[in-house]
Amino acid sequence: MSTTTTIPSTNSETYKIAVIGAGGKMGMRVSNNLARTAHTVWYVENSPAGRERTIDAGRELTDAATAVADADIVVLAVPDLALASVTAELVPQLKPGAIVLTLDPAAAYAGLLTTREDVIQAVAHPCHPSIFLQRQTPEEWADTFGGIAAPQDAIAAIESDDAAKQAIVEATVRAIYAPVIDVHWVTIKQLAQLEPTLVETVACMIGALLNEALQEAVNTMGVPEAAARSILYGHTQVALANGLRGDNPFSDACLIAMDYGRESIIKEDWKKIFRDDELDKNLARMLHLDRIER
């Protein structure tokens, strides 16, 4: 996929969207994309620096009470640790049938959000552009995070069987993470199993481990840095292509070295991280809680 424009949803309706935390890091990404749509968007930001960034971007600020009063969907682009207090303040002010969309599943799965029976809870998270994406422009190559030029998928969950409400969420997700290829629907629990367990606990940890190994080769073993980076970057691509897609078989010697690496680095019981109790432990640490209450 090489397009740099939003891949449209089948839903052409426009909605009233409130962005809370519009001047933060993720809030600016969300707002930049929503500003290019036909949706009615209200931008809310409390911090002085965030307010300044929003105004400098040419967007008008609205107070939270006004923004959420008639919103079809409220996008909470705020840190996880702030979601409990933010939802406690805003959810009671929403109109019946409104949707609260958080951008990370941790707080929602942990039960930290204020809820109402007549307000719908949803979560969406970007997949980020795939390592296997066929990029063709400099802008696509530069966009490793997504939401600017490189197409990406997104994962979404909604606690409602109402197709119209799901359509609002999908339209919003396709707008804030544009350009979007597919929106994959899962449960909030499944989204929490993907993020953090699959992608942060495993993939991001391995990415940081690769850098630690690189620094060890350079600083301790004395390998020239350019040589170490070249061989690591190239072999990382081969390892991911072979391991995830089966593009080519690993050599017999490589398989022996891989076994040694697994024996030396990986704990035998590592798959326990996918258990519910371990997910709760992980989220409790991330959310600075003693434990997750069930």
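Using the structure shown, select from LYS16/LYS189; LYS16/LYS281; LYS189/LYS267 the pairs with a Cα to Cα distance greater than 32 angstrom.
Numbers: LYS16/LYS189 28 Å; LYS16/LYS281 37 Å; LYS189/LYS267 25 Å.
Long pairs (Cα-Cα over 32 Å): LYS16/LYS281.
From the protein chains alone at 1.4 Å, what is the descending order of accessible area for ARG229, ARG275, ARG36, largest first?
ARG36, ARG275, ARG229
Quick check: with the 1.4 Å probe, what order do ASP72, ASP143, ASP252, ASP276 take by accessible area, largest first? The partial results should precede the final answer.
Values: ASP72 35, ASP143 5, ASP252 120, ASP276 70 Å².
Per-residue accessible area, sorted high to low, gives ASP252, ASP276, ASP72, ASP143.
Return the distance in nm (one decimal) between the two label points of a simple spin-label model at GLN215 and ALA241, each offset 7 Å from Cα along Cα→Cβ.
2.9
Can you compute the charge dipole magnitude of the chain about its Cα centre, using +1 on each Lys and Arg Cβ and -1 on each Asp and Glu Cβ, nothing else charged? Give it in debye, rounded to the nearest 20. Walk me through the numbers on the way to the answer.
On the way: 24 positive and 39 negative charges, 55 e Å.
Dipole of the chain, to the nearest 20 debye: 260 debye.
Whenever you get a sec, compute what percent of the accessible area on the stretch 152-209 sits on carbon and sulfur atoms (1.4 Å probe). Let's see the in-between values first.
Working: 1400 of 2350 Å².
Result for the stretch 152-209: 60 percent of the exposed heavy-atom area is carbon or sulfur.
At 1.4 Å probe size, put LEU198, LEU112, LEU191 in order of accessible surface, largest to smallest. Could the numbers behind the result be given before it?
Working: LEU198 80, LEU112 55, LEU191 5 Å².
Largest to smallest exposure gives the sequence LEU198, LEU112, LEU191.
Antiparallel as a % of all DSSP beta bridges within the stretch 85-244, to the nearest 5?
Numbers: 5 of 13 bridges.
Within the stretch 85-244, antiparallel bridges account for around 40 percent of the total.
Can you find, among GLY146, ILE131, THR236, the residue sitting farthest towards the positive end of the charge dipole of the chain, where Lys and Arg contribute +1 and Asp and Glu -1 at Cβ?
GLY146
Between ILE266 and VAL223, what is 0.36 nm times their sequence separation minus the Cα-Cα distance? Round to one decimal in nm. Could you put the intermediate results ahead of the total?
Numbers: separation 43, 0.36 × 43 = 15.48 nm, distance 2.51 nm.
Between ILE266 and VAL223, full extension yields 13.0 nm more.
I'd like to compare 96-105, 265-274, 46-55: which one has the highest average count of other Cβ atoms within 10 Å, and what's the full order after that? Mind dumping the intermediate values first?
Working: 96-105: 22.0, 265-274: 10.4, 46-55: 15.1.
Ranked from most to least packed, the peptides come out as 96-105, 46-55, 265-274.
As I understand it, the value is the acute angle between the Cα axis of helix 252-265 and the longest principal axis of the Cα atoms of the chain; what does it come to in degrees, rounded to 10?
Rounded to the nearest ten degrees, it is 60.
Starting from the Cα of ASP162, move 7 Å in the Cα-to-Cβ direction to define the label point; list residues of the stretch 78-113 whose amide nitrogen is under 15 Å from there.
94-101
What is the chain by shape, rounded, prolate or oblate, if you read a ≥ b ≥ c off the alpha carbon gyration tensor as root eigenvalues and call it rounded for a/c under 1.5, prolate for a/b larger than b/c, and oblate otherwise?
Values: a/c = 2.02, a/b = 1.62, b/c = 1.24.
In terms of gyration-tensor shape, prolate.
The values are calculated or read from the model by the stated rules, or taken from the named source; none is laboratory data. It should be emphasised that the depicted structure is a prediction, and the values quoted were computed from it without experimental measurement. As a convention, Cβ positions derive from the backbone with ideal geometry for all residues, glycine included, and neighbour counts pool all protein chains shown. For accessibility, only protein heavy atoms count, side chains too; no ligands or nucleic acids. Shrake-Rupley method; radii C 1.70, N 1.55, O 1.52, S 1.80 Å.
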